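The values are calculated or read from the model by the stated rules, or taken from the named source; none is laboratory data. Please read these numbers as outputs of a predicted model, since none were measured by experiment. In this analysis, Cβ positions are derived from the backbone assuming ideal geometry, glycine residues included, and neighbour counts consider all displayed protein chains.
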Amino acid sequence: MKLNATLSLILVLVTFLLFTVVNNYMASGVRVDLTENNLYTVSDGTREIIGELEEPINLYFFFSGKVSQDLTSLRAYARRVQEMLEEYELIAGGNIRLTVIDPEPFSEEEDQAASFGLQSVPVNQAGDELYFGLAGTNALDGEEVIAFFQPDREEFLEYDVTKLIHSLGAEDRPTLGIYSGIPVESSVDPRTFQQVPGWVFRDQLEELFQIDTLEELDSESLSGINLLLLVHPKGLSETDIYAVDQFVMVGGKLIAFIDPLAEMDQPESPGMQMPGGSSSNLNRLTEAWGVSMREGQVLGDPAVALLVGGADGRPVRHLGIVGFTPEYLGREDVVTADLEIINMSTVGILDIDSVEGVRAEPLIVSSDQGGALDTIQFQFLQNPEELIPGFSSAGEPLVAAVRLSGKAASAFPEGPPGESEVGQHLSATEELQVVVVADSDVLSDRLWVQVQNFFGQQIASAFADNGSFVTNLVDNLSGSSALIDVRSRGQYTRPFEVVENLRREAEAQYLQSAEDLQAQLSETERQLAELESTRIEDGLLTLTPEQEAALLQFQDEKLRIRKELRDVRHQLDKDIEQLGSMLKIVNILVMPLLLTGLLLAFRILGLGRRSSLS
């Protein structure tokens, strides 16, 4: 037995050494990613961003190794993060300098992590703090951090790290241009001459980005911006639409909040507003890319309808005011992946047609119960319950927001409109980056944020993720096209499904046996209680021979069931141990032998080709 164990160990060592020698000799520069989702293969967008670095940047990866000794899953994720950062360093060829730091408690390294603003998490009663974050600096004293690598954002790990590197490598902050058909900035109400505060989303964007407010849509106004945000662009002329088209063709990014019925679009003077007067669309532009908004129709959805006050004061569901929860948001898109609810009102319906070269990815969709309502139904609506009679479901999800990317042709294939004075006309783009949202009310404060005056200071408390939605959109599209193309990846941490199935089966047997035992115990205790109340002699409980035999039989049965429970547990451990042994054999012996054989085969084929050529 000992001889077999010794020979097995020698065989494993020889195989490992042989594989190492062959690997170093023939494939020192070859890297093969065998993971299911290519977790260790960085995307082309990441390679492009790293390749554009003009000056070296420093990355400091902080992970509390000693403090996290008992956090196995977190340590596995940290190992993946470090290996990805090392891959970045290898690709950069000297333009990325990685330093791995273990910030032990009360050390200078811990002070350094705190100075970068990294987040710490208490892990034990002793008060030890765990750090798991990334800080980066560039030659111009620029600084970017990922405060803590949240495990639930594992699929966006590459995007988050690449975004940090892109921010450090960018010379200037991108400029956002906002053109709005409704007042979103602070202004004076011409009807009351009172100051009207600006929308909170606009203030949030101003804190994070450089913003230009656009009064006109022409080539001159659009020339100095990287990203165009259109809010309810009603009544645009052909010249305006052509200017936007050429902005996109030249590589500009576009976010458009259009609306079949913009409730926040109020006329300046009191009076009746004609149906359709508060609608906007960009169909003249987006139809060329496969997207059009239905005219005169609003999305209704009883599955996500929000409660509002009815005619009699009681709460009722409003089919046209909806709250989209995670199951209706694009979970594989970095913009919507972490959002919990987006509230929208009188949302439009986007029809998607296939256009060669254009990739359309819905960001927000309705439930299968969604359907179309006419905008005329909302013009004089007094009671939301009036929308229910006659409503019919489409039987399939309807799209409320979509991301467009890829290659696209101009919406003006014959050139500019007659009155336009332009230089060179661009007929196509290789880098289409457009997001269309069929609602502008989603940006209004009433649907997502409550603003209160606190000792003279305006405090905004969000109750929905509308603000995060638009901020994520702008943050994502304000980066380079290479960064936008870095999509979500799979997760490193994978459950042992076979082991979990074994455990569940054994526990099911265990629980069933435990329930049977408990039932028998309860019944016996009941019988013993009856005996105790009826037969007491001289203060002592006496039992008949039959009752004593029944008690002994129960005790034997109890021991038998307990033995069965132990056997179930033992078999569970045995099955898991056998599975673990098999996996070890595959990882330690079979895979090295297989890879070694493949390398030898390639080597022999290579030598054979050289011999035939010579």
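Given the residues 83, 104, which is the only one that is of a type in the set (D, E, K, R), in a loop (DSSP other than H, G, I, E, B) and over 23 Å from residue 208 (Cβ atoms)?
Just one listed residue meets the conditions, 104.
Got a number for residues in the stretch 62-76 being closer than 14 Å to residue 131 by Cα and either surrounded by fewer than 21 Cβ atoms within 10 Å (Cβ to Cβ) or not assigned by TED's automatic domain parsing to the domain that holds residue 99 (or both)?
The qualifying residues number 7.
For the subset of the stretch 115-169 comprising residues that are surrounded by fewer than 20 Cβ atoms within 10 Å (Cβ to Cβ) and among the aliphatic types (A, V, I, L, M), which member is nearest to residue 48 (Cα to Cα)?
The residue in question is 164.
So, in the stretch 222-240, exactly how many residues are under 25 Å from residue 444 (Cβ atoms) and part of a helix (DSSP H, G or I)?
Residues flagged as under 25 Å from residue 444 (Cβ atoms) and part of a helix (DSSP H, G or I) within the stretch 222-240 amount to 1.
Restricting to the stretch 313-330, give me the number of residues that are modelled with pLDDT under 90 and within 18 Å of residue 464 (Cα to Cα).
Within the stretch 313-330, residues that are modelled with pLDDT under 90 and within 18 Å of residue 464 (Cα to Cα) number 0.
Restrict the check to the stretch 130-152 and report whether at least one residue is in a helix (DSSP H, G or I) and of a type in the set (D, E, K, R).
For the stretch 130-152, residues in a helix (DSSP H, G or I) and of a type in the set (D, E, K, R): present.
Quick check: anything in the stretch 253-263 in a loop (DSSP other than H, G, I, E, B), of a type in the set (Lys, Arg) and in the same structural domain as residue 407 (by TED's automatic domain parsing)?
No, every residue in the stretch 253-263 fails to be in a loop (DSSP other than H, G, I, E, B), of a type in the set (Lys, Arg) and in the same structural domain as residue 407 (by TED's automatic domain parsing).
When only residues in the stretch 169-190 that are part of a strand (DSSP E or B) and at pLDDT below 90 count, which is nearest to residue 475 (Cα to Cα)?
175
More than 22 Å from the chain's Cα centre (by Cα), assigned by TED's automatic domain parsing to the domain that holds residue 302 and on the phi > 0 side of the Ramachandran plot: is that true of residue 370 in this structure?
Here the answer is no, as residue 370 does not meet what is asked.
State all residues of the stretch 94-114 that are in contact with a strand residue (DSSP E or B) (Cβ under 8 Å, 6 or more places away or on another chain), surrounded by fewer than 18 Cβ atoms within 10 Å (Cβ to Cβ), more than 15 Å from residue 69 (Cβ to Cβ) and not hydrophobic (A, V, I, L, M, F, W, C); if no residue qualifies, say none.
97, 99, 109, 112
Could you tell me whether residue 147 is aliphatic (A, V, I, L, M) and under 25 Å from residue 252 (Cβ atoms)?
In short, no.
For the stretch 115-149, give me each residue that is polar (S, T, N, Q) and either out of contact with any strand residue (DSSP E or B) (no Cβ under 6 Å at 6 or more places or on another chain) or within 14 Å of residue 74 (Cβ to Cβ) (or both).
Scanning the stretch 115-149 gives 115, 119, 120, 124, 125.
Taking only pairs six or more apart or across chains, which ones have beta-carbon atoms under 7 Å, a first residue in the stretch 157-168 that is under 16 Å from residue 335 (Cβ atoms) and at pLDDT 90 or above, and a second residue that is basic (Lys, Arg) and part of a helix (DSSP H, G or I)?
Filtered contacts from the stretch 157-168: 160/153.
Condition (residue is under 22 Å from residue 261 (Cβ atoms), touching a helix residue (DSSP H, G or I) at 6+ places or on another chain (Cβ under 6 Å) and surrounded by 14 or more Cβ atoms within 10 Å (Cβ to Cβ)) applied to the stretch 322-335: is it met by at least one residue?
no
Go through the stretch 44-68 and count every residue that is in a strand (DSSP E or B) and within 21 Å of residue 139 (Cβ to Cβ).
Here the count works out to 5.
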